[in-house]
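Peer 1: First the structure, which I've put down as structure tokens, then a few questions once you've had a look.
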Amino acid sequence: MSPLTFPTTADSRENIFEALKALKKDDIPWKSGKVMAYIYKTIPEAHALSDEAYNLYLTENGLDPTQFPSLLILEREVVAMVADLLQGGTEAVGNCTSGGTESVILAVKTARDRARKLYPQITEPEIIIPETAHPCFHKAGHYLNVKVKMTPVDPVTFKANVQAMEAAITDQTIMIAGSTPSYTHGVIDDIEAIAALAQSRGLLCHVDACVGGMFLPFAKMLGYPIPNFDFSVPGVTSMSCDLHKYGYVPKGCSTILYKNKDLRQYQMFSCSAWPGYTIVNPTVLSSKTGAPMAAAWSTFKFLGVDGYKTAVKDCMDARDVVLDVLKEIPELDLLGFPEMSMIAFNSNSEALSVFELAERMKMKGWHIQAQLKSSVCDAGIHLSISHFNAEHMPALMAALKESVEELKAEAASKAPDPILAMLNPQMIQGLMANFQPEMLDQLEQILGSDDKGVPDNFVAINNILNTLEPAQRDTLLVAFMNKMFSVG
Ligand SMILES: Cc1ncc(COP(=O)(O)O)c(C=O)c1O
């Protein structure tokens with residue numbers, strides 16, 4: 001670690017804020033609206049209101065709702081409003097969590113603890129997910145000691161292959177799941193088929209609507225052809241729905257919902273085996289700020305159905321601009337069909353690397369997300385279009401066309417990159433065969449990094465990662481993270 005020591009003297013408020021603002025200067029410039037991932041924003045008035053509501057409840061502690069009944073009311077009402085959108089009827093219950101990952105972890109915990117109680121013969125519980133499901137299911141499996149079985153998706157539509165899911169069911173299976181939509185391609189799994197399968201085999205069925213839960217209901221109201229995906233579908237037992245994505249609430253806000261209270265009882269945790277205060281928590285966190293719930297409650301009321309419908313319509317129009325322009329770029333192929341404003345495409349040309357395309361776009365001020373090759377599809381580009389991005393789509397597409405033309409023109413005369421020539425796939429495989437975390441130092445010397453330990457050359461890094469198997473990638477990434485948080 002760095003030689004930094006704890007401050008011995010008090011600093012002024014002015015200096016502190018100056019330093020904080022200076023720290024931000026290398027962050028991705030999201031306020032431009034040209035960042036197509038990470039940030040979800042709608043109109044400035046809603047943003048300002050949610051920030052204010054957030055600050056109003058920043059200090060209140062959700063640890064004990066009996067002492068902060070306002071937080072109990074906010075949580076109940078936020079959950080009820082989301083359950084209403086997702087057709088939960090009068091029976092649905094739920095809680096606010098810190099994010100989609102926590103919501104999914106809780107859904108898996110609930111399934112595991114329910115099986116422990118009702119089906120003690122299940123000793124090695126497993127869940128089945130399509131390979132496009134978000135890694136938070138794997139994180140849940142990792143934390144909770146539940147096996148995660150991935151099943152293939154259709155190679156053209158990228159929707160879950162429900163027959164493959166059925167074939168994967170064993171007497172240890174406790175839950176199956178689908179995504180509405182999957183992050184990668186914006187594709188909605190066939191929830192009616194997945195839930196019917198679950199019901200016919202007596203299994204729980206989780207719908208991961210972290211991305212779509214606050215978007216698809218409004219898209220449906222607007223008349224877009226959105227398949228049934230919520231609690232109206234027989235067999236759906238739980239849903240995760242993030243509010244800090246298309247709900248346009250600040251970070252730290254998701255919901256986990258259950259069809260009824262009976263199911264939710266397995267989510268709870270209580271511990272009275274100590275001499276201190278009573279611990280009984282519905283979610284993973286114990287002490288937690290009330291800020292995200294206050295922000296969600298206020299944003300819902302401020303925007304209402306009409307505000308969200310406007311946001312969804314603008315995002316869908318923006319999606320259509322992208323779909324039209326992609327048809328005009330022969331080197332780029334759309335991946336699947338995005339049923340909402342999350343889009344993926346890849347390159348069919350040797351002369352056009354998607355990693356270089358992402359980098360070239362960055363030089364022009366646009367941040368588009370590179371995706372590595374997987375068992376599902378080749379490396380590609382992902383765009384998440386949220387409301388405040390929508391107006392920038394024509395300019396984004398002009399920059400994309402220009403970048404493709406530039407890279408194609410340069411490809412003809414470009415000398416091979418000496419770094420990539422040195423770090424060829426054979427050499428990388430050789431390194432990985434005897435990988436030691438210290439090797440990252442050598443790699444960093446070759447690839448370069450800034451004074452904060454953040455790599456300079458993402459094209460080379462993505463190219464390296466792209467040649468590796470997922471397990472090898474994870475080894476490298478874990479070592480990298482461990483290193484990056486040890487310097488500075
Ligand atoms: C479909 C889906 N589920 C779950 C998550 C996890 O959400 P979070 O990053 O809020 O933990 C994401 C994140 O993008 C997602 O796209």
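Computed from the coordinates by the stated procedures, all read-outs in this text should not be read as laboratory data. Quantities reported herein were computed from a predicted structural model and do not represent experimental measurements. Counting neighbours? That spans all protein chains shown, and the Cβs are built from the backbone with ideal geometry, glycine included.
Peer 1: Go through segment 322-339 residue by residue and turn each phi into a ³J(HN,Hα) via Karplus (6.51, -1.76, 1.60, θ = phi - 60°); whole Hz please, and just put x for glycine and proline.
Peer 2: Working through the residues one at a time gives 4, 4, 5, 5, 4, 5, 8, 10, x, 6, 10, 10, 5, 9, x, 10, x, 7 Hz.
Peer 1: Could you tell me how far the Cα centroid of segment 417-478 sits from the Cα centroid of segment 263-293, in Å?
Peer 2: Distance between centres, Cα-based: 42 Å.
Peer 1: For the chain, what size does the Cα cloud have along each of its three principal axes, sorted from largest down, in whole Å?
Peer 2: Projected onto its principal axes, the Cα set of the chain covers 66, 65, 51 Å.
Peer 1: Return the FRET efficiency for the residue pair Ser270, Ser200: r is the Cβ-Cβ distance, R0 is 35 Å, and the value is rounded to the nearest 0.05.
Peer 2: 0.55
Peer 1: What 222 nm value per residue comes from the helices of the chain, counting each DSSP H run with n ≥ 4 as -39,500 (n - 2.57) and dividing by all residues, nearest 500 deg cm²/dmol?
Peer 2: After summing the helix terms and dividing by residue count, I get -13500 deg cm²/dmol.
Peer 1: Below 8 Å, C-alpha to C-alpha, sequence gap of six or more: please give me the relative contact order for segment 418-484 in percent.
Peer 2: That works out to 38 percent.
Peer 1: How far apart, in nm, are two points set 7 Å out from the Cα along the Cα-to-Cβ line at Gln442 and at Arg116?
Peer 2: About 4.6 nm, to one decimal.
Peer 1: List the lysines whose alpha-carbon lies under 16 Å from that of Lys288, not counting same-chain residues fewer than 8 positions away?
Peer 2: The qualifying lysines are Lys251.
Peer 1: Give me the extension gain from Asp64 to Asp27: residue separation times 0.36 nm, minus the current Cα-Cα distance, reported in nm with one decimal.
Peer 2: Fully extending the segment from Asp64 to Asp27 adds 9.7 nm.
Peer 1: Counting only residues 5 or more places away or on other chains, whose amide H sits under 5 Å from the amide H of Gly99 once H atoms are built in the peptide plane?
Peer 2: Long-range HN contacts for Gly99: Ser254.
Peer 1: While we're here: Counting Lys and Arg as +1 and Asp and Glu as -1, what is the net charge of the other residues whose Cβ lies under 13 Å from the Cβ of Pro135?
Peer 2: -1
Peer 1: If the chain between Lys401 and Asp324 were fully stretched, how many nm would it gain, using 0.36 nm times the residue separation less the Cα-Cα distance?
Peer 2: 26.5 nm
Peer 1: Beta carbons within 10 angstrom, averaged per residue: use that to sort the peptides 438-446, 219-227, 413-421, highest first.
Peer 2: The packing order, highest mean first, is 219-227, 438-446, 413-421.
Peer 1: Moving on. Calculate one ³J(HN,Hα) per residue across segment 68-85 by plugging θ = phi - 60° into the Karplus curve 6.51 cos²θ - 1.76 cosθ + 1.60, and present them in order as whole Hz with x for glycine and proline.
Peer 2: 10, x, 5, 6, 4, 5, 4, 5, 4, 6, 4, 4, 4, 5, 5, 4, 4, 4
Peer 1: Calculate, for Arg76 and Asp450, the FRET efficiency according to 1/(1 + (r/R0)^6) with r their C-beta to C-beta distance and R0 30 Å; round to the nearest 0.05.
Peer 2: 0.05
Peer 1: Find how much the distance from Leu4 to Asp417 grows on full extension, using 0.36 nm per residue of separation minus their present alpha carbon separation; answer in nm with one decimal.
Peer 2: This chain segment gains 144.8 nm when fully extended.
Peer 1: Could you tally the net charge around Cys241, taking each other residue with its Cβ under 13 Å from the Cβ of Cys241, Lys/Arg +1 and Asp/Glu -1?
Peer 2: -4
Peer 1: Once you list every other residue whose beta carbon is under 15 Å from the beta carbon of Ser270, what net charge do they have if Lys and Arg are +1 and Asp and Glu are -1?
Peer 2: My count for the surroundings of Ser270 gives +1.
Peer 1: Give me, ordered by chain and number, the residues 5 or more places off Lys373 or on other chains with an amide H under 5 Å from its own placed amide H.
Peer 2: Those lying under 5 Å, H to H, from Lys373 are Ala379.
Peer 1: Taking a 24 Å limit on the Cα-Cα distance, which of the listed pairs Lys25/Lys139; Lys159/Lys327; Lys25/Lys313; Lys21/Lys41; Lys245/Lys309; Lys362/Lys401 fall beyond it?
Peer 2: Violating the 24 Å limit, Cα to Cα: Lys25/Lys139; Lys25/Lys313.
Peer 1: So what is the relative contact order for the chain, in percent, with contacts set as C-alpha pairs under 8 Å and at least six apart?
Peer 2: Relative contact order comes out at 18 percent.
Peer 1: While we're on this one: Per residue of segment 365-375, in order, report the coupling 6.51 cos²θ - 1.76 cosθ + 1.60 (Karplus, θ = phi - 60°) as ³J(HN,Hα) in whole Hz, putting x for Gly and Pro.
Peer 2: x, 10, 10, 10, 9, 7, 10, 6, 4, 9, 5
Peer 1: Same structure, new question: Relative contact order for segment 296-354: what is it in percent, counting Cα pairs under 8 Å that are at least 6 residues apart?
Peer 2: Rounded, it is 24 percent for segment 296-354.
Peer 1: Continuing with the same structure: Quote the FRET efficiency, to the nearest 0.05, computed for Ala168 versus Ser374 with a Förster distance R0 of 30 Å and r equal to the Cβ-Cβ distance.
Peer 2: Result of the calculation: an efficiency of 0.95.
Peer 1: How big is segment 52-299 in terms of Cα radius of gyration and Dmax, in angstroms?
Peer 2: So, for segment 52-299, Rg and Dmax equal 17.6, 58 Å respectively.
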